[in-house]
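Participant: Take this structure, written in C-alpha cells, and hold onto it; I'll ask about it next.
The values are calculated or read from the model by the stated rules, or taken from the named source; none is laboratory data. If you're wondering where the values come from, they're calculated on a predicted model, not measured in any experiment. Note that each Cβ is placed from the backbone with ideal geometry, even for glycine, and that neighbours are counted across all protein chains shown.
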Amino acid sequence: MKTGTLQLIPTNLSDPFAPSQILPADVIKVALGLNHFVAENAKTARAFLKALGIARPLQEVNIAELNEHTPASALQELIKPLLAGHDLGLVSEAGAPGVADPGAELVALAHRHDIPVMPLVGPSSILLGLMASGLNGQRFAFHGYLPQDKAQRVKSIQEMERESRQRRMTQLFIETPYRNQPLLDDLVATLSSNTRLCVASNLTGASQDIQMRRVADWRKHASGLQKTPALFLFLA
C-alpha cells in the first residue's frame, strides 16, 4: 500500500494570529485538508486550526501529541496513519516543525520507512531574526537553549564568543520568556564591548521588536526586556 505524506506545517510565532499575513494560501489549504496531526500540544494545535478557519468540527480531527514527555516507543504508533495511506500534518508549538522541536524524531522515523516528507513554507524565528540582524548569514550556528545554571551559561557565552571571533560565525540561541532579562544581563556582562548583539522578540507579532547594538551600547539600554518569545544573536 502506498503511504501518506508527512506534511511539515509551520505555525504562528506570536499572537494575535492572522493566517493570511503569515502563511501562504497553499499551506493553509493543505492544513485544512488534513484529518491527522501530530503536535507538541493538542490544545495549541486546535487553536491553530480554528484560526485557519477550519469548517468541520475539531472533534473529527485526530491530533496526537509528541513532546519531551513522549517515549521513543510511542513514535511507531504516531506514524500509523501514514502507513495506512493518510497524509499527516506535523506542527510545532511555534514556527517551523522539526527545528528545536521534538518533531524531528518523527521526521527521522518517516525517512526510515521511506515515507515522503514535505516541508512547507512558513515563519522560522531563526531565519527571520538572522535576516533582520545584519550579522553574518554565511556562517552561523543555532544552539537552542543555553544552560540554566549561571556559571555554566557564562562559560557557554565565553566559548561561543571565542568561536564567533575565530570563525566569523553568528551565534544564535533562545530562552524561555521569563528568563530573557537574566540572559541579556549575562550577555552584556560577559561579551566584549565591540561584539554586536541583537535581540529579536515577538517576531511577526504586533509588538515585534528587533534591536541591534554593540555590547558597549547595550550596557546603557539593557533593562526592561519584555517577557515575550525572543531570539538572541551575536557576532564577535
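Participant: Take the residues in the range 223-236 that are surrounded by 14 or more Cβ atoms within 10 Å (Cβ to Cβ) and not in a strand (DSSP E or B), then tell me which one is modelled with the lowest pLDDT.
Facilitator: Among residues in the range 223-236 that are surrounded by 14 or more Cβ atoms within 10 Å (Cβ to Cβ) and not in a strand (DSSP E or B), the one modelled with the lowest pLDDT is GLN226.
Participant: I'm trying to understand the selection: among the residues of the range 64-81, which are more than 20 Å from the chain's Cα centre (by Cα), outside any helix (DSSP H, G or I) and modelled with pLDDT of 95 or more?
Facilitator: Residue satisfying the conditions is ILE79 alone.
Participant: Residues being crowded, with 16+ Cβ neighbours inside 10 Å and closer than 16 Å to ASN62 by Cα: count how many of those fall in the range 77-125.
Facilitator: 10
Participant: Do any strands (runs of 3 or more DSSP E) entirely within the range 97-185 hold 1 or more residues that are on the phi > 0 side of the Ramachandran plot, and if so, which?
Facilitator: 140-145
Participant: Taking interchain pairs and intrachain pairs at least six residues apart, which have beta carbon atoms under 8 angstrom, with the first residue in the range 139-168 and farther than 19 Å from CYS198 by Cβ and the second of a type in the set (Asp, Glu) and at pLDDT 95 or above?
Facilitator: Matching pairs, first to second residue: LYS150/ASP186; VAL154/ASP186.
Participant: Just name the residue that is nearest to ASN202 (Cα to Cα) out of those in the range 41-63 that are more than 21 Å from the chain's Cα centre (by Cα) and of a type in the set (Val, Ile, Thr).
Facilitator: The extreme case among them is ILE54.
Participant: Which of the helices (runs of 4 or more DSSP H) contained wholly in the range 1-62 include at least 3 residues that are within 15 Å of VAL91 (Cβ to Cβ)?
Facilitator: It comes to 25-32, 42-52.
Participant: Looking only at the range 186-200, filter to residues that are among the small types (Gly, Ala, Ser) and either outside any loop (DSSP other than H, G, I, E, B) or in contact with a Gly (Cβ under 8 Å, 6 or more places away or on another chain) (or both); which one of those is farthest from ILE126 (Cα to Cα)?
Facilitator: By that ranking, first place goes to ALA189.
Participant: Considering SER201, SER207, which residue is of a type in the set (Gly, Ala, Ser) and loosely packed, with under 14 Cβ neighbours inside 10 Å?
Facilitator: Just one listed residue meets the conditions, SER207.
Participant: When the residues of the range 1-27 are filtered to those that are at pLDDT below 90 and either over 15 Å from the mean Cα position of the chain (by Cα) or buried (at least 18 other Cβ atoms within 10 Å of the Cβ) (or both), which remaining residue is nearest to LEU203 (Cα to Cα)?
Facilitator: SER14
Participant: Take LEU128 and tell me if it is in contact with a Ser or Thr (Cβ under 8 Å, 6 or more places away or on another chain) and under 30 Å from PRO24 (Cα atoms).
Facilitator: For LEU128, the condition - in contact with a Ser or Thr (Cβ under 8 Å, 6 or more places away or on another chain) and under 30 Å from PRO24 (Cα atoms) - is met.
Participant: To continue, here is another question. Within the range 201-222, is even one residue touching a Phe, Trp or Tyr at 6+ places or on another chain (Cβ under 6 Å), assigned to a strand (DSSP E or B), at pLDDT 95 or above and closer than 15 Å to GLY129 by Cα?
Facilitator: no
Participant: Pick from ASP87, ASP101: which is at pLDDT 95 or above and not small (Gly, Ala, Ser)?
Facilitator: ASP87
Participant: Looking at the range 82-92, can you tell me whether even one residue there is of a type outside the set (Ser, Thr, Tyr), touching a residue at least 40 places away in the same chain (Cβ under 8 Å) and part of a helix (DSSP H, G or I)?
Facilitator: yes
Residue-by-condition table, conditions (1) over 25 Å from PRO229 (Cα atoms); (2) touching a helix residue (DSSP H, G or I) at 6+ places or on another chain (Cβ under 7 Å); (3) among the β-branched types (Val, Ile, Thr):
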residue: THR5; (1), (2), (3): yes, no, yes
residue: SER20; (1), (2), (3): no, no, no
residue: LEU32; (1), (2), (3): yes, yes, no
residue: THR44; (1), (2), (3): no, no, yes
residue: ALA47; (1), (2), (3): no, no, no
residue: ALA51; (1), (2), (3): no, yes, no
residue: PRO71; (1), (2), (3): yes, no, no
residue: GLU77; (1), (2), (3): yes, no, no
residue: HIS86; (1), (2), (3): yes, no, no
